[in-house]
Amino acid sequence: TVTIDITSMVTDSDGLTKHLLNPDFFEAETYPEARFVTTSVTPTAEDTYDVVADLTIKGTTESVSFPITLTEQYLTFTYDLDRTQFSIGAPPGGVKSIDAIVPLEVKIVFQ
């Protein structure tokens, strides 16, 4: 289980950070945390695994799955997050809309 402190989000722009924390996006005052709870890990090859987990953002929980690479030094994965599943931001399709899919690249280095 990983708990993510949404209120600790920082971007290169103070204005953007404030905007992302407001009710239009993450609604951090009401939902200050997101949670990632692993439900299964299946080995697929040397150093690779399929992970299934429950991801909760803004009170909505969705099952997610993706492959990871796990070594003694690091864990890496990519995931295309559909922000509309969690009511993050405006619906896609408007003139100034952002894409529904937010590509994530994660690398956790062990110390």
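Summary of computed values
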| read-out | value |
| --- | --- |
| ³J(HN,Hα) computed for each position of region 61-69 - Karplus, 6.51 cos²θ - 1.76 cosθ + 1.60, integer Hz, glycine/proline x | 10, 10, 7, 10, 8, 6, x, 10, 10 |
| Per-residue ³J(HN,Hα) for region 19-31, Karplus 6.51 cos²θ - 1.76 cosθ + 1.60, θ = phi - 60°, Hz, x for Gly and Pro | 5, 5, 7, 7, x, 5, 10, 8, 6, 4, 5, 7, 10 |
| Surface accessible to a 1.4 Å probe, per residue, for the residues of the chain, Å² | 68 |
| Selection from Met9, Pro103, Ser40, by position along the positive dipole direction of the chain (Cβ) | Met9 |
| Amide H within-cut-off set for Met9, under 5 Å, with H built and near neighbours excluded | none |
| Apportionment of accessible area to carbon and sulfur, the chain, percent (1.4 Å) | 53 |
| Computed magnitude of the charge dipole of region 27-74 (debye, nearest 20; Cβ of K, R +1, Cβ of D, E -1) | 120 |
| Phi to ³J(HN,Hα) by Karplus 6.51 cos²θ - 1.76 cosθ + 1.60 over region 4-10, Hz, x for Gly, Pro | 10, 7, 4, 5, 8, 4, 9 |
| Net dipole in debye of the chain [+1 Lys, Arg Cβ; -1 Asp, Glu Cβ; about Cα centre; nearest 20] | 240 |
| In Å², nearest 10: area of Ile108 left accessible to a 1.4 Å probe | 80 |
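The values are calculated or read from the model by the stated rules, or taken from the named source; none is laboratory data. Computed from a predicted structure; not experimentally measured. As a convention, Cβ positions derive from the backbone with ideal geometry for all residues, glycine included, and neighbour counts pool all protein chains shown. Ligands, DNA and RNA are stripped out before the accessible areas are found, and what is left, the full protein with its side chains, is counted by its heavy atoms. Shrake-Rupley method; radii C 1.70, N 1.55, O 1.52, S 1.80 Å.
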